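Where a number appears in this text, it was derived from the coordinates with a stated rule and is not lab data. What you see is a predicted model, and the numbers here were worked out from it, not measured in a lab. Every residue, glycine as well, gets a Cβ built from its backbone with ideal geometry; the counts of neighbours run over all protein chains shown.
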Amino acid sequence: MDFITKLPVVAGKDAILVVCDRLSKMTHFVATTKETLAKELVRLFRDNVWKLHGLPESVVSDRRPQFAAELTKELNRIVKFTNSGLSFSLFLFLFLFLFLFIFLFFIFRNN
């Protein structure tokens, strides 16, 4: 992950976020600004890269270490949010399955 900065301003964007997948060598170029914060970067990453490659195993950036830590923290926050919905759905499915199983067991047992 890198930024190409000091570009002329076009449509309010003056930098390009470059994300390279190390396995497939596929590169993504996303227009942004050089003052992009970690939250905005995570949104750009989610909208342009995550849908194709998923969550990264590691992040390599030429920005300060705190920036990479903030980025990782925001990515983890998003993952926990999406996983909690999946966990709840799985819990609900199992609960309903067990409820129906026990209910049907008692109905057929008494007949």
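Odds and ends about this structure:
- The C-alpha atoms of the chain define a longest principal axis, and helix 65-110 lies at about 10 degrees to it.
- Under 5 Å, built H, 5+ apart or other chain: amide partners of L37: none
- Note: relative contact order over the chain, using C-alpha pairs below 8 Å and six or more positions apart, is 18 percent.
- Over the stretch 2-110: Rg over Rh, Cα atoms, Kirkwood Rh: 1.28
- Basic side chains Lys and Arg get +1 at the Cβ, acidic Asp and Glu get -1 at the Cβ, and with that the dipole of the chain about its Cα centre reaches some 140 debye.
- Every helix of 4 or more DSSP H residues in the chain counts as -39500 (n - 2.57), and over all residues that averages to -17500 deg cm²/dmol at 222 nm.
- With θ taken as phi - 60° and the Karplus curve 6.51 cos²θ - 1.76 cosθ + 1.60 applied, the whole-hertz 3J(HN,Hα) list for the stretch 17-27 is 7, 10, 10, 10, 7, 5, 6, 8, 6, 6, 10 Hz, x standing for glycine and proline.
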